[in-house]
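Trainee: I have a structure I would like to understand better, so I am pasting it below and will then ask my questions one at a time.
The values are calculated or read from the model by the stated rules, or taken from the named source; none is laboratory data. Because the structure is a prediction, the values reported are computed rather than measured. Here the Cβ is made from the backbone with ideal geometry for all residues, glycine too, and neighbour counts use every protein chain on show.
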Amino acid sequence: MPDTDLPPFWDAMAFLVTIIISVAMIWYLSISLLRCNTCMLTPTGIIMILAFGAIIVLSSFKLILMLFPERKEFCPACRLMSKIVEIDVHIR
């Protein structure tokens, strides 16, 4: 990480693009599934909507932690992950 403590630009943009594409896919799936009178909501459509929802949640969580690193102090899982990363960096 650079001296400015800002996250790498391309990493932040990758998470943001992932969120935008997932929202677009949920919108597209919901429109196509709701307009079809005979198919209703198929299990495959529901699974895909839930999968894209999970991608949105994980990407937004990582983006928030990347942009606001002080939140890592309050999150127990984040503290553990930061300690593991520090140990891994010191081993290499």
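Trainee: Would you tally the residues in region 31-41 being modelled with pLDDT of 75 or more and part of a loop (DSSP other than H, G, I, E, B)?
Mentor: So the answer is 0.
Trainee: Further question on the same structure: Give the residue that is surrounded by the fewest Cβ atoms within 10 Å (Cβ to Cβ), with candidates limited to residues of region 42-92 that are at pLDDT below 70, hydrophobic (A, V, I, L, M, F, W, C) and part of a helix (DSSP H, G or I).
Mentor: Out of the qualifying residues, it is 91.
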